[in-house]
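The block underneath contains the structure these notes are about, expressed in structure tokens.
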Amino acid sequence: MLNQVIVTADRMRAIESLMFAAGMPVAALMEKVAGLIARRLAEIYPIATYRRVGILVGSGHNGGDALVVARELWHRGREVRVYSPLAKHKPLTRVHRCYAQSLGIPFVDLEELKTCDLIVDGLFGFGLERNIQGELAGIIDKVNTWGIPILSIDLPSGIHTDTGAVMGVAIRATHTLCLGLWKRGLFAESTLSYVGQVERLDFDIPEFMVRQVLGDAHAEWRIDPKQIFRHSSQSSRGNPASSCLPIPRAITTHKYQVGHLLLIVGSQTYGGAALLASLGAKASGVGMLTIAVPNSLRLMVLAQVPDALIIGCPETDRGAIAQLPELDLHKYQAIACGCGLSLEAKAIVERVIKAPCPLVLDADGLTLLASLGIDRLKARSQATILTPHWGEFSRLFPELKLEDRLTAVQRAASQTGATILLKGARTAISFCDRLATSSLEMPEYQQTWVNPESTPALARGGSGDVLAGVIGGLLAQGMTGGNAAIAATVWHSQTAIWLAKQRTEMGVDPLILAQNLLSFLAHKTV
Ligand SMILES: NC(=O)C1=CN([C@@H]2O[C@H](COP(=O)(O)OP(=O)(O)OC[C@H]3O[C@@H](n4cnc5c(N)ncnc54)[C@H](O)[C@@H]3O)[C@@H](O)[C@H]2O)[C@@H](O)CC1
Ligand SMILES: Nc1ncnc2c1ncn2[C@@H]1O[C@H](COP(=O)(O)OP(=O)(O)O)[C@@H](O)[C@H]1O
Ligand SMILES: [K+]
């Protein structure tokens, strides 16, 4: 649980206050935390390569942490230099400063850090309150130009803890060691070019204190990708409705018990999108797959997905689906609609909104929904998942486009009752249903989850079509909207990360991605 909650500065302060009130001395906690930082630093930046370490010290406890780290590194044989530009310090920081000076650690001018092998950034942590200006801003700008690796303590100095906004200027870290609990600002996409590699240092905050402050309905969570993949020895115990993969199958099951998904996709212009969504759905292991496409795509899709039932639909002059033939929508466990549909297929979206089963709307399906009006979703009685990127999101929820992504996705989900999956480098998913991973069971309430690991290899046309197909397939097999959205997002992005290691970020085209989803899953869960 501690590795999954996302907190604001206020919440973090309240949790620390509980620890202090219960008897943990402030100085002891700083000693403990900074000891952990120094040990992790030694693993990431070994002394043989990073002997000379420059320490940036601010006035608060982030600076105090940095001074304890300076002292520990000094005792372990590093050449440490401290730059401490501010006149006033909090009492605990001041005493660590005096002690470091008494040991003979040099306190130097900024320019003397320029020849260091590593910089430790302890200027500001979650206490940053206002924009950084004047001399301090100049210092940060200068350090950023040196090209020396920077390890930031808690957050890169200058990043707002809650919003991730750059407060005038911010350190561009190579590595950030987030202390105790994940800070909200680290998940804003705009901070990704500042934080470098991010990891959390656990300093044994008692879980009951975290629960006491956050309550039973905490809103913001970080997905732990490891929890999505089930080890093969666990499969028989699995719960098919959780977000764990692979989905367990009863030994006596038959194809109609493993879900029937209807995909409604494609147009003459966007035939590939239909295929990519189909391949994503196929990889999900769904028992039956029916694919409705414009007549002219029928044979192409059949040749590539011979196991599917293909329904050729009458088409408009420009090759969009004009209407669905008489289909009984009751017989499907889920429908996924929209990939490559084109903007001529409004009637199709109007019809599927009324379908009596869970529904995924993606791509053109979302743009058409925006033109119909988001209120149309009020008619739905079953789960709905909308999978917009930011452009589509802004069309659907124009009044939310000034909000930060986490707030925006949360509001959109509570307004509509749908699961909203806002795509991007840090996909955010908000929903109100029961979530279950391998070690966490969450009750039903409005919650927002962020996918913390992905790769820009996915930034190419068609990646999203694969994702929509996977979500549809998981929904049809009985996952709830929230579970399906989380499982599919993690599976999709982790497969891309795995492929990018083998093929570079240039080599993860959507076809390769769809074809490798299952190899990745097998590799992950052996
Ligand atoms: N209490 C503890 O012993 C622990 C503290 N921790 C560390 O303490 C940090 C938080 O410490 P603080 O609350 O002291 O906050 P910071 O160290 O982040 O800085 C706050 C200080 O900076 C000043 N300040 C804020 N914005 C400024 C600006 N724009 N320009 C100039 N000065 C500005 C404030 O007036 C205050 O003096 C965490 O990020 C973490 O590094 C953690 O190690 C956990 C344990
Ligand atoms: N920079 C990035 N880092 C990580 N993932 C990304 C990045 N850019 C895009 N993605 C992912 O790639 C997919 C793109 O989907 P989408 O924008 O719908 O494209 P398309 O409609 O062409 O398939 C989404 O899953 C998104 O989260
Ligand atoms: K910092």
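The values are calculated or read from the model by the stated rules, or taken from the named source; none is laboratory data. Quantities reported herein were computed from a predicted structural model and do not represent experimental measurements. Don't worry about glycine lacking a Cβ; one is built from the backbone with ideal geometry, like all the others, and counts go over all protein chains shown.
Kindly indicate whether any position in segment 10-28 is part of a loop (DSSP other than H, G, I, E, B) and either of a type in the set (Phe, Trp, Tyr) or within 16 Å of ligand 3 (Cβ to nearest atom) (or both). Scanning segment 10-28 turns up no residue that is part of a loop (DSSP other than H, G, I, E, B) and either of a type in the set (Phe, Trp, Tyr) or within 16 Å of ligand 3 (Cβ to nearest atom) (or both). Does segment 171-184 contain at least one residue that is over 25 Å from the mean Cα position of the chain (by Cα) and more than 14 Å from ligand 3 (Cβ to nearest atom)? No: segment 171-184 contains no residue that is over 25 Å from the mean Cα position of the chain (by Cα) and more than 14 Å from ligand 3 (Cβ to nearest atom).
Regarding segment 107-114, can at least one residue be identified that is over 36 Å from the mean Cα position of the chain (by Cα), modelled with pLDDT of 95 or more, not charged (D, E, K, R) and not in a helix (DSSP H, G or I)? Yes, some residue in segment 107-114 is over 36 Å from the mean Cα position of the chain (by Cα), modelled with pLDDT of 95 or more, not charged (D, E, K, R) and not in a helix (DSSP H, G or I). The combined condition, being under 30 Å from residue 406 (Cα atoms) and without any contact (Cβ under 8 Å) to a residue 40 or more places away in the chain, is not fulfilled by residue 102. On the stretch given as segment 133-157, residues that are surrounded by 14 or more Cβ atoms within 10 Å (Cβ to Cβ), more than 9 Å from ligand 3 (Cβ to nearest atom) and at positive phi total 0.
Within the span defined as segment 42-57, every residue fails to be closer than 18 Å to residue 181 by Cα and modelled with pLDDT of 95 or more. Among the residues here, residue 119 does not qualify as assigned to a loop (DSSP other than H, G, I, E, B) and within 16 Å of ligand 3 (Cβ to nearest atom).
Here residue 137 fulfils each of the conditions (1) away from ligand 2 (no atom under 16 Å from the Cβ); (2) outside any helix (DSSP H, G or I) apart from (2). Pairs only if they're at least six apart or on different chains, beta carbon under 6 angstrom, first in segment 151-180 and assigned by TED's automatic domain parsing to the domain that holds residue 133, second part of a strand (DSSP E or B) and near ligand 1 (Cβ under 8 Å from one of its atoms); list them, first residue then second. These pairs meet every condition: 153/122; 154/179.
Every residue, every condition in (1) of a type in the set (Phe, Trp, Tyr); (2) within 16 Å of ligand 1 (Cβ to nearest atom); (3) within 28 Å of residue 404 (Cβ to Cβ); (4) free of Cβ contacts under 8 Å to residues at least 60 places away in the same chain, yes or no:
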residue: 312; (1), (2), (3), (4): no, no, no, yes
residue: 320; (1), (2), (3), (4): no, no, no, yes
residue: 340; (1), (2), (3), (4): no, no, no, no
residue: 346; (1), (2), (3), (4): no, no, no, yes
residue: 361; (1), (2), (3), (4): no, no, yes, yes
residue: 370; (1), (2), (3), (4): no, no, yes, yes
